[in-house]
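The values are calculated or read from the model by the stated rules, or taken from the named source; none is laboratory data. The shown structure was predicted, so the numbers you read here are calculated from the model rather than taken from an experiment. Cβ placement follows ideal geometry from the backbone for every residue including glycine, while neighbour counts extend to all protein chains displayed.
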Amino acid sequence: MNESAYKITTLTPVSIGDGNTLSAFADYVLEKGKIHYINQQAIRDKMGKSPELIDFYVEGMIRGKSNMTNTFDLKNFIFNRLKLTLQQAALYSIEAKNVSGKKEFYTVVKNAGQSPYIPGSTLKGAIKTALLYDWLIEADEGQQWCSNYLNNITNKGLTATLDKELSREFDKFELGVSDSSLLEFDTLQAIDIKRLNIKKGTLDIPQTREAVKENIACECEIRNVRKLIAEKADGTKVYKNYSWEELCRIINTFSRHSSDAEWTILSETGKKIDDDIYFSLEDFYEDVEKKTESSTTAYLRLGTGKGFYFNSIALALYDCDGTENKGQFLKFLKTCGYGKVYNIKERRVEEYDLNPNEFPITRFVEITETKPLGWIQLECLNKE
């Protein structure tokens with residue numbers, strides 16, 4: 001596969017975090033369905049050299065960021081103390097979709113000029129994960145690796161060796177992916193997402209995040225998708241090259257299998273989920289099932305909220321486990337640290353009943369339309 005241009009289209013909100021957060025006590029104001037990003041220089045200029053205003057502002061910021069009881073309201077401070085409008089105090093404003101409260105606001109990757117984009121490293125990692133999954137389920141060596149790993153899950157020395165083998169296999173897949181073209185700032189929106197507990201039917205732990213809106217398009221370049229399969233005595237390397245059609249099949253198979261696993265768990269376990277949420281998710285997963293049959297367009301997930309099976313090769317291990325009640329896979333989950341929760345009141349870690357057929361029991365969803373986050377469509381613009 002030679003270098004080609006590709007079109008990325010977001011199908012649901014995509015939030016690829018940059019590791020930073022904004023505070024409602026210093027950095028942004030939520031007002032009438034919009035998030036306003038505060039211009040700190042405008043605030044400093046307006047405060048001038050007034051010790052009273054500076055002290056009041058700094059104390060409010062500190063108390064807010066430290067989660068202390070805080071009556072400081074940034075909007076009131078701007079209106080009543082500084083006598084500024086939000087338009088005068090803000091650098092940018094974006095749509096806030098069903099956002100409420102004064103929560104930390106998680107931001108996405110942007111360039112120095114504050115233009116969001118899809119990092120090439122993020123897309124590359126997602127594609128390589130799909131390629132590795134294909135090796136695990138299709139190649140005899142991959143199936144043998146899964147079997148060896150599950151049969152020796154409690155042998156730390158052997159699993160460490162197998163982990164290194166898998167890393168070497170992962171590194172054999174090579175491709176170059178550029179960062180996407182830059183997006184306008186107003187392609188972002190603020191969304192509240194919650195963790196849906198499919199067993200209890202509850203929505204909890206809200207987060208406010210920047211996300212690229214759905215139906216936003218950008219472009220990137222992908223080149224030389226290949227796998228190292230041999231190295232000759234003279235040092236010459238032999239590669240298997242992937243066509244776009246092959247890569248589509250591999251990516252879509254991984255996405256379809258992962259979505260099928262999520263929906264199977266949700267449909268069999270989610271008896272208490274609100275009907276509107278349940279049927280909205282059912283429609284979405286059915287649509288994914290149809291889309292991923294394509295041989296010319298790839299569908300995959302990026303960023304926050306991808307879920308357990310889109311982030312790992314666990315699905316290949318789950319399918320390989322032929323024991324009753326998935327006992328080997330259960331051991332795998334426990335060695336990964338699952339099955340434990342911290343009891344805040346008792347201040348200790350406690351185990352809970354972990355069922356492989358109901359794992360994971362939570363999903364991140366965007367609240368307004370109950371859509372799973374991070375879905376994109378990838379199309380080749382200049383076919384080989």
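For the range 47-98, what are the residues that are surrounded by 10 or more Cβ atoms within 10 Å (Cβ to Cβ), at pLDDT below 90 and basic (K, R)? Result: R63, K65, K97.
Taking K240, is it basic (K, R) and either buried (at least 20 other Cβ atoms within 10 Å of the Cβ) or within 20 Å of the chain's Cα centre (by Cα) (or both)? No.
Could you check, for the range 237-250, whether at least one of its residues is of a type in the set (V, I, T) and in a helix (DSSP H, G or I)?
Yes.
Here's a check for you: in the range 151-178, which residue that is touching a strand residue (DSSP E or B) at 6+ places or on another chain (Cβ under 7 Å) and part of a loop (DSSP other than H, G, I, E, B) is surrounded by the most Cβ atoms within 10 Å (Cβ to Cβ)? Working first, answer last.
At the first step, the residues of the range 151-178 found to be touching a strand residue (DSSP E or B) at 6+ places or on another chain (Cβ under 7 Å) are 172-178.
Now restrict to residues that are part of a loop (DSSP other than H, G, I, E, B): 172, 178.
Values: K172: 16, S178: 19.
The extreme case among them is S178.
Can you pull out every residue in the range 97-148 that is among the charged types (D, E, K, R) and farther than 30 Å from M61 by Cα? Can you show your working first?
Looking only at the range 97-148, we keep the residues that are among the charged types (D, E, K, R), and these are 97, 102-104, 110, 124, 128, 134, 138, 140-141.
Across the range 97-148, the qualifying residues are K124, K128, D134, E138, D140, E141.
Examine the range 271-290 for a residue that is in contact with a helix residue (DSSP H, G or I) (Cβ under 7 Å, 6 or more places away or on another chain), over 22 Å from P356 (Cα atoms) and touching a residue at least 24 places away in the same chain (Cβ under 8 Å), and state whether such a residue exists. Yes: one or more hits. Residues in the range 86-107 that are touching an Asp or Glu at 6+ places or on another chain (Cβ under 9 Å) and assigned to a strand (DSSP E or B): Y92, S93, I94, E95, A96, K97, F105, Y106, T107. Evaluating K272 against the criteria (1) part of a helix (DSSP H, G or I); (2) surrounded by fewer than 16 Cβ atoms within 10 Å (Cβ to Cβ) leaves one unmet condition, (1).
If you go through the range 275-303, how many residues are surrounded by 19 or more Cβ atoms within 10 Å (Cβ to Cβ) and part of a loop (DSSP other than H, G, I, E, B)? Of the residues in that region, 3 qualify. Do we have any residue at all in the range 11-21 that's in contact (Cβ under 8 Å) with a residue 40 or more places away in the chain, assigned by TED's automatic domain parsing to the domain that holds L175 and in contact with a Cys (Cβ under 6 Å, 6 or more places away or on another chain)? Checked against the condition, which is being in contact (Cβ under 8 Å) with a residue 40 or more places away in the chain, assigned by TED's automatic domain parsing to the domain that holds L175 and in contact with a Cys (Cβ under 6 Å, 6 or more places away or on another chain), the range 11-21 yields no hits at all. It is to be established whether one or more residues within the range 120-131 are under 27 Å from A211 (Cα atoms), under 30 Å from the mean Cα position of the chain (by Cα), in contact (Cβ under 8 Å) with a residue 60 or more places away in the chain and assigned to a strand (DSSP E or B). So far as the range 120-131 goes, no, none of its residues is under 27 Å from A211 (Cα atoms), under 30 Å from the mean Cα position of the chain (by Cα), in contact (Cβ under 8 Å) with a residue 60 or more places away in the chain and assigned to a strand (DSSP E or B). Pairs are defined by a Cβ separation below 6 Å, a sequence spacing of at least 6 or placement on different chains, a first member in the range 153-179 that is modelled with pLDDT of 95 or more and of a type in the set (G, A, S), and a second member that is surrounded by 12 or more Cβ atoms within 10 Å (Cβ to Cβ) and part of a helix (DSSP H, G or I); the pairs so defined are S178/G120. Taken as a whole, the condition of being touching an Asp or Glu at 6+ places or on another chain (Cβ under 8 Å), over 27 Å from Y149 (Cα atoms) and at pLDDT below 80 applies to T269.
Within the range 2-23, one or more residues are touching a helix residue (DSSP H, G or I) at 6+ places or on another chain (Cβ under 9 Å), part of a strand (DSSP E or B) and surrounded by fewer than 18 Cβ atoms within 10 Å (Cβ to Cβ).
From the list D260, D275, D204, the lone residue that is closer than 30 Å to L30 by Cα and modelled with pLDDT under 95 is D204. Restricting attention to the range 370-378, does a residue exist that is at pLDDT below 90 and more than 26 Å from I127 (Cβ to Cβ)? Yes - at least one qualifying residue is present in the range 370-378.
Taken over the range 14-29, the criterion of being within 19 Å of A126 (Cα to Cα) and in contact with a Gly (Cβ under 8 Å, 6 or more places away or on another chain) is satisfied by V14, S15, I16, G17.
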